[in-house]
């Protein structure tokens, strides 16, 4: 029987058996490391009925920073969408283009579609900003209760 690179079938069998026996030990070490990391980021809470549950530990300062960054991004997106709506509003010049040019109706339809899409996105951004307003840094006790309720 031919063995690649001068290895004998017996050596390959021994190597595969060694790997099979070492695999559970390696997996057990990985599981222990994973469970320790999991427990380091969790807190155990007890309910009134005796049920014990696990919640992730939240870094409040990082959460406030993330909320502020998201709020800034949403406000910037709100400004961009408002500009898009304003640029795509129908003007007297657009009426002349529609009347004079052969593709004027297509031009008007595309412009109107862009405006409607921006209006829909602006509504979504506004609702996200309204939802985010309840999680401000000054409202930490109610924000904490709301975050627990959202989990």
inquiry  = If I stretch the segment between residue 109 and residue 86 completely, what's the gain in nm (0.36 nm per residue apart, minus their alpha carbon distance), one decimal?
reply    = 6.7 nm
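Which of 122, 81 comes first, and how do the rest follow, when ranked by fewest Cβ neighbours within 10 Å?
Values: 122 17, 81 20.
Least to most surrounded, the residues fall as 122, 81.
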query = Label points 7 Å out from Cα along the Cβ direction at residue 62 and residue 95: separation in nm?
reply = 5.8
ask   = Once label points are set 7 Å from the Cα along Cα→Cβ at both residue 74 and residue 49, what is their separation, rounded to one decimal in nm?
value = 3.3
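Quick note: the coordinates plus some simple rules give every number you see, no bench work behind them. Computed from a predicted structure; not experimentally measured. Backbone-built Cβ (ideal geometry, glycine too); neighbour counts: all protein chains shown.
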